[in-house]
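Here is the structure we will look at.
The values are calculated or read from the model by the stated rules, or taken from the named source; none is laboratory data. Since the model is a prediction, treat every value here as computed from it, not as a measurement. Because the Cβ atoms are built from the backbone with ideal geometry, glycine has one as well, and the counts that use them run over all protein chains shown.
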Amino acid sequence: MSLTVVGTMAFDDIETPFGKSDRIIGGSATFIAWAASNFVKPINQVSVVGGDFPQTELDALKARGVALEGVQIKKDEKSFFWSGRYHMDMNTRDTLVTELNVLADFAPHIPDSYQSSEFLILGNLTPQVQLDVIKQMKQRPKLIVMDTMNFWMEVALDDLKKVLKEVDVLLINDSEARQLSGEFSLVKAAKKVLSMGPRYLIIKKGEHGALLFHENHVFFAPALPLEDVFDPTGAGDTFAGGFIGHLAKTRDISFENMKTAIIVGSAMASFCVESSAYSVSAKSRRKTLPAASNSSYSW
């Protein structure tokens, strides 16, 4: 029951009304892998980093059962960097700096050792890269989950629609669902998005939970209420990691089990945003992501 994760491994510089962090480890693939590693091993990572990415962080992922054969290391270049500032509501943010660096010409390669993966999750990347990954899989995985964002809807909509025809589950937030569909009602928006290809649609609503749509079925799961929300960066990817991790562990991709997977993902995301989520190591700072001692549900 192997899982392949494709996405970014990066540095983030985060500022919120409650604090500031300098160059912590982030990236969609990082968050997804850490969360999913609570449930399934091995996790086959596909990404790219520069020579500035700490070896200690790569070693930490290895210790969690993450295979790094698909992670390209470009020693003479810098890793992807993003800086942002959150508003008081913690749901809106301003991007201050985006430096693509190694991500600018990232061409993922799926190693032979990854080809038997039953589950594939595509973190937020260009639709062209996501489609390329799917085409590289010699045997179609049991389930393909995809994340995307409003930016690709604005600059690469045609390519995005091509990928949507190839995936099973799409993860987007409520504003992205409205943008992609042109509908204000999320129920109407879901119907339009599902007609584009995915069999399942998950609409994330941040602190207000998530909606799961499949054919004429709808399921709503509230988020876990938290007293202290320090930094929501990576919460959506941690949610995705918990979601796909549960499905990969149980090998059950039914609508009923996806209900449970959404609740699991929400629980994992709650750890990601809490005020105790920062730790300092000798060479780097990174958010301490959800990491149980084993793949049980005793978080």
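Structure values in brief
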quantity: All positions within region 113-163 that are over 15 Å from the mean Cα position of the chain (by Cα) and in a loop (DSSP other than H, G, I, E, B); calculated: 115, 116, 117, 118, 137, 138, 139, 140, 141, 142, 156
quantity: Residue among 174, 159, 168 that is modelled with pLDDT of 95 or more, among the acidic types (Asp, Glu) and closer than 29 Å to residue 252 by Cβ; calculated: 168
quantity: Residue among 119, 80, 106 that is under 17 Å from residue 33 (Cα atoms) and aromatic (Phe, Trp, Tyr); calculated: 119
quantity: Only listed residue being closer than 17 Å to residue 262 by Cβ, surrounded by fewer than 20 Cβ atoms within 10 Å (Cβ to Cβ), at pLDDT 95 or above and not charged (D, E, K, R), chosen from 219, 184; calculated: 219
quantity: Selection status of residue 131, loosely packed, with under 14 Cβ neighbours inside 10 Å and among the hydrophobic types (A, V, I, L, M, F, W, C); calculated: no
quantity: Filtered residues of region 187-214 (kept if modelled with pLDDT of 95 or more and surrounded by fewer than 20 Cβ atoms within 10 Å (Cβ to Cβ)); calculated: 187, 188, 191, 192, 194, 195, 196, 197, 199, 214
quantity: Among residues of region 41-60, those that are at pLDDT 95 or above and closer than 21 Å to residue 120 by Cβ, counted; calculated: 7
quantity: Selected residue [at pLDDT 95 or above and out of contact with any strand residue (DSSP E or B) (no Cβ under 6 Å at 6 or more places or on another chain)] from 121, 134; calculated: 134
quantity: Test: residue in region 68-79 that is touching a Ser or Thr at 6+ places or on another chain (Cβ under 7 Å), touching a residue at least 60 places away in the same chain (Cβ under 8 Å) and among the acidic types (Asp, Glu); calculated: no
quantity: Some residue of region 160-169 being closer than 22 Å to residue 48 by Cβ and surrounded by fewer than 13 Cβ atoms within 10 Å (Cβ to Cβ); calculated: no
quantity: Hits in region 62-79 (condition: outside any strand (DSSP E or B), touching a helix residue (DSSP H, G or I) at 6+ places or on another chain (Cβ under 7 Å) and surrounded by fewer than 21 Cβ atoms within 10 Å (Cβ to Cβ)); calculated: 64, 77, 78
quantity: Every pair of residues 6+ apart whose Cβ atoms lie under 6 Å, when the first sits in region 259-283 and is modelled with pLDDT under 85 while the second is surrounded by 15 or more Cβ atoms within 10 Å (Cβ to Cβ) and part of a strand (DSSP E or B); calculated: 273/229; 277/287
quantity: Index of the failed condition, residue 40 passing every other in (1) over 17 Å from residue 113 (Cβ atoms); (2) in a loop (DSSP other than H, G, I, E, B); (3) more than 13 Å from the chain's Cα centre (by Cα); calculated: (1)
quantity: Any hit, region 230-241, residues being modelled with pLDDT of 95 or more and assigned to a helix (DSSP H, G or I); calculated: yes
quantity: Selection count, region 18-61, where residues are closer than 20 Å to residue 133 by Cβ and surrounded by fewer than 24 Cβ atoms within 10 Å (Cβ to Cβ); calculated: 3
